[in-house]
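J.: Please see the structure below; I have some questions.
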Amino acid sequence: VKRRMMRPLRELSILNRNQLFRLLATLSFFSGIVSSADQSLLIYYLEDRLRFNDKDVSLLFVILGSLGILVQGVFLRPLNELMGEKSLLIFAFSCQTIVNLVYGFATVKAAVFMAVGLGSFGGLAFPTISAMKSYNVEEHEQGRIQGALYSVSSLASAVGPVSLRFIYYQTKGSTFPG
């Protein structure tokens, strides 16, 4: 029984194999926290802070969906070939950082719509991390590394909304941006 209970931890140990895997797992975790909070809390935040209505939310989803498909379906490969994985990852995280700063400081809806467009490039982080990890393991370890990466992402998805909701309510009404 104990051996079965410890198996998930043994499977996750692949993430501790080397410095690159530890760094990529950490980046994936923190990126996942922010992404999951954006997915689950952004609409409520925008309705509260910028008085988004149904029409605004619909437009937001149209921009998110269409640019997400375009960026990942059309631009991912050329950007990867042009920039390389490391630079593409830095670019994706930089875009997402800018997007979340805009969300926090935005005073008009148009700023959020432009940020969502830029945020589509932030969506390149997870596929890039996934590819980087898959290139650095043996063929028989592919499932293990992808499973471990998705486990970290799932954990971040659970932690993200709770932690950022707490931060939002602690800073709501203060001089700090949302």
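The values are calculated or read from the model by the stated rules, or taken from the named source; none is laboratory data. These numbers were taken from a predicted model, which means no experiment stands behind them. Here the Cβ is made from the backbone with ideal geometry for all residues, glycine too, and neighbour counts use every protein chain on show. Please note that ligands, DNA and RNA were not included when accessible areas were found on the heavy atoms of the full protein model with its side chains. Shrake-Rupley method; radii C 1.70, N 1.55, O 1.52, S 1.80 Å.
J.: Roughly how much of M114 is accessible, in Å² to the nearest 10, using a 1.4 Å probe?
T.: Its heavy atoms expose roughly 140 Å² to the probe.
J.: Could you work out how far helix 54-70 tilts from the main Cα principal axis of the chain, as a 0 to 90 degree angle to the nearest 10?
T.: The helix 54-70 is inclined about 40 degrees to the chain.
J.: May I ask you to work out the translational diffusion coefficient for the chain at 10 °C, viscosity 1.306 mPa s, via Stokes-Einstein with Rh from the Kirkwood sum over Cα pairs, reported in whole µm²/s?
T.: Answer from the Stokes-Einstein relation: 90 µm²/s.
J.: Using the Cα centre of the chain as the reference point, and only Cβ charges (+1 on K/R, -1 on D/E), how large is the resulting charge dipole? Debye, rounded to the nearest 20.
T.: Computed about the Cα centre, the dipole is about 640 debye.
J.: Just tell me the longest site-free run in the chain, where the sites are trypsin sites (Lys or Arg not before Pro) in a DSSP loop having at most 12 other beta-carbon atoms within 10 Å.
T.: Longest stretch, sites excluded: 52-171.
J.: Sticking with this one: Give me the lysines in straight-line cross-link reach of K55: C-alpha distance below 19 Å, same-chain residues under 8 apart excluded.
T.: Candidates past the 8-residue exclusion: K109.
J.: Same structure, new question: Along each principal axis of its Cα atoms, how long is the stretch 31-79 end to end? Whole angstroms, biggest number first, please.
T.: 38, 26, 12
J.: With a point put 7 Å past each Cα toward its Cβ, work out how far V57 is from K109 in nm, to one decimal.
T.: Modelled inter-label distance: 1.3 nm.
J.: Shifting gears a bit: Please list, or write none, the aspartates and glutamates whose alpha carbon is within less than 18 Å of the alpha carbon of K2, excluding same-chain residues fewer than 8 places away.
T.: Those aspartates and glutamates meeting the cut-off are E11.
J.: Who wins for biggest fluctuation among L118, L82, L64 in a Gaussian network model of the chain, springs between alpha carbons below 10 Å?
T.: Of the options given, L82 has the highest mean-square fluctuation.
J.: Same structure again: Can you give the helix-only mean residue ellipticity at 222 nm for the chain, where every DSSP H stretch with n ≥ 4 adds -39500 (n - 2.57) and the sum goes over all residues, rounded to the nearest 500 deg cm²/dmol? Let's see the in-between values first.
T.: Working: 8 runs with 143 residues, N = 178.
That calculation yields -27000 deg cm²/dmol at 222 nm.
J.: Okay, moving on. What aspartates and glutamates could a cross-link reach from K133, if we take a straight Cα to Cα line under 14 Å and drop same-chain neighbours fewer than 8 places away?
T.: Qualifying aspartates and glutamates at Cα under 14 Å: E85, E141.
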